[in-house]
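The structure appears right after this line, and notes come after that.
The values are calculated or read from the model by the stated rules, or taken from the named source; none is laboratory data. No experiment lies behind these values; they were computed from the predicted model shown. Here Cβ is always computed from backbone atoms with ideal geometry, including for glycine, and neighbour counts include all displayed protein chains. Surface accessibility is based on the protein's heavy atoms, side chains included, excluding ligands, DNA and RNA. Shrake-Rupley method; radii C 1.70, N 1.55, O 1.52, S 1.80 Å.
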Amino acid sequence: MRVGFVGLGAIGYPIAQRLAERYQVAVWNRTAERARAFAAETGAGFAASPREAAVGADVVFTCLPNSPEVEEVLAGTNGDGLAEGLAPGSLLIDLTSGIPSSSRKIAEGLVAKDVGYLDAPVSGGTSGAAAGTLTVMVGGSDEAFTRALPILQAFGKRIEHVGPVGAGHALKAVHNSLIALHLFGLGEALTTLAKAGVTPRKALDVINASNGRSFVSERLIPERVLTREWPRTFRLALLDKDVGIARDLMAEVGIEAPVLGLVSQLLHEAALTLGDEADHVEALRIHERRAGVELSG
Ligand code: NDP
């Protein structure tokens, strides 16, 4: 089995590492240095263009910021695009947290070349990728899903076929908007409680023993904010993008979403203030600044 992989970012890199342990992999990354380092570390092949990563591959993965970047890489310039290298009968699996309507457009474009397509965004973070415990939300045909399943098991633990092409991207965007809701809700809750004399640690101890808890309260804030470690694993700009996709989807299907609309606006402002490299959890720095308290402990 030969695998092509495009996009060795924060989560693409560890996913590709797990694939390279099992399959013959060729990698392409926009910054070639990262692909060369990956090839040297894992024994994978270095591809000089997206087309080269796809040539001879049975399955090709993309893991880029958003769908426009996937479309850009598929098209390429001067014949070096990914689509150029995809062989009839091969399968493109897009791990990007992308846009449902774009994934449908991409899939339709590949039909003429007899190339299958799945949108398969992931959840579980960079540590889950390294451990092979990601949740994978797959949109596409039964046939393509059945073909992909054993390969997705290289890095996924819970792999769900959630509907037709675009369904994976829809679920992922809506899921991530829930992370944003929890982050912003807890930012307001914990700064309020700090000012009311309840330490963040004590507040979280009680919340996490009660029904208002979430992954954000149980893991992200204790491990990243209270410790002041603020690791950078998933950029705030990417969460901002995900919430935007969810908001657009809600408008498209005619759902009014005033709560998400407000969170989306606050999140976008936070992303602009904190910059392109800030981690998503750093959104809480905005709450700290506004309230004049530090959520440590
Ligand atoms: P990063 O920002 O760390 O990496 C982005 C990757 O895309 C890099 O390889 C980058 O190349 C490449 N890239 C960016 N723009 C272009 C372009 N125009 N053309 C070609 N390549 C480009 O992102 P992540 O790895 O964190 O995220 C990838 C996807 O996975 C996103 O959709 C994200 O929402 C999703 N995701 C991320 C998670 C995480 O924990 N990080 C968790 C779950 C999903 P270069 O090296 O040159 O910059």
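Which of the residues spanning the range 146-166 are surrounded by 19 or more Cβ atoms within 10 Å (Cβ to Cβ) and either within 11 Å of the ligand (Cβ to nearest atom) or small (Gly, Ala, Ser) (or both)?
ALA148, GLY156, GLY166
Just to be sure I understand, how many residues within the range 176-206 are open to solvent by 60 Å² or more (accessible area, probe 1.4 Å) and part of a helix (DSSP H, G or I)?
Let us first name the residues in the range 176-206 that are open to solvent by 60 Å² or more (accessible area, probe 1.4 Å), namely 178, 182, 188, 192, 195-197, 199, 201-202, 205-206.
Next, from what is left, pick out any that are part of a helix (DSSP H, G or I): 178, 182, 188, 192, 195, 201-202, 205-206.
Here the count works out to 9.
Any idea how many residues of the range 12-27 are out of contact with any strand residue (DSSP E or B) (no Cβ under 9 Å at 6 or more places or on another chain) and surrounded by fewer than 16 Cβ atoms within 10 Å (Cβ to Cβ)?
The number of residues fulfilling the criteria is 1.
Being assigned to a helix (DSSP H, G or I) and within 17 Å of VAL59 (Cα to Cα) is the filter here, so list the residues in the range 14-40 that pass it.
Scanning the range 14-40 gives ILE15, ALA16, GLN17, ARG18, LEU19, ALA20, GLU21, ARG22.
With respect to VAL174, is the statement that it is in the same structural domain as LEU236 (by TED's automatic domain parsing) and within 19 Å of the chain's Cα centre (by Cα) true? Before you say what the answer is, go through the steps one by one.
Details: in the same structural domain as LEU236 (by TED's automatic domain parsing): yes; within 19 Å of the chain's Cα centre (by Cα): yes.
It is true that VAL174 is in the same structural domain as LEU236 (by TED's automatic domain parsing) and within 19 Å of the chain's Cα centre (by Cα).
Among the residues that make up the range 216-232, is at least one of them assigned to a helix (DSSP H, G or I), within 29 Å of TYR13 (Cβ to Cβ), within 16 Å of the ligand (Cβ to nearest atom) and open to solvent by less than 30 Å² (accessible area, probe 1.4 Å)?
Step one: filter the range 216-232 for residues assigned to a helix (DSSP H, G or I), giving 216-226.
This time we only want the ones that are within 29 Å of TYR13 (Cβ to Cβ), so: 216-226.
In the following step, the residues that additionally are within 16 Å of the ligand (Cβ to nearest atom) were identified as 216, 219-220, 223-224.
Keeping just the survivors that are open to solvent by less than 30 Å² (accessible area, probe 1.4 Å) gives 216, 220.
The answer is yes, given that some residue of the range 216-232 is assigned to a helix (DSSP H, G or I), within 29 Å of TYR13 (Cβ to Cβ), within 16 Å of the ligand (Cβ to nearest atom) and open to solvent by less than 30 Å² (accessible area, probe 1.4 Å).
Residue-wise test of (1) closer than 22 Å to LEU149 by Cβ; (2) assigned by TED's automatic domain parsing to the domain that holds GLY128; (3) within 14 Å of the ligand (Cβ to nearest atom); (4) not β-branched (Val, Ile, Thr).
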position: ILE11; (1), (2), (3), (4): yes, yes, yes, no
position: PRO14; (1), (2), (3), (4): yes, yes, yes, yes
position: ASN29; (1), (2), (3), (4): no, yes, yes, yes
position: ARG34; (1), (2), (3), (4): no, yes, yes, yes
position: PHE38; (1), (2), (3), (4): no, yes, yes, yes
position: GLU41; (1), (2), (3), (4): no, yes, no, yes
position: ALA47; (1), (2), (3), (4): no, yes, yes, yes
position: PRO50; (1), (2), (3), (4): no, yes, yes, yes
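I need the full set of residues from the range 233-252 which are closer than 18 Å to ALA271 by Cα and assigned to a helix (DSSP H, G or I), in order please.
Let us first name the residues in the range 233-252 that are closer than 18 Å to ALA271 by Cα, namely 233-247.
The answer is LEU236, ALA237, LEU238, LEU239, ASP240, LYS241, ASP242, VAL243, GLY244, ILE245, ALA246, ARG247.
Show the residue pairs meeting these rules: Cβ distance below 7 Å; 6+ apart or different chains; first residue within the range 233-262 and open to solvent by 50 Å² or more (accessible area, probe 1.4 Å); second residue among the polar types (S, T, N, Q).
Pairs that qualify, where the first residue is open to solvent by 50 Å² or more (accessible area, probe 1.4 Å) and the partner is among the polar types (S, T, N, Q), are ARG247/SER264.
Does the range 28-41 contain at least one residue that is open to solvent by 50 Å² or more (accessible area, probe 1.4 Å) and aromatic (Phe, Trp, Tyr)?
no
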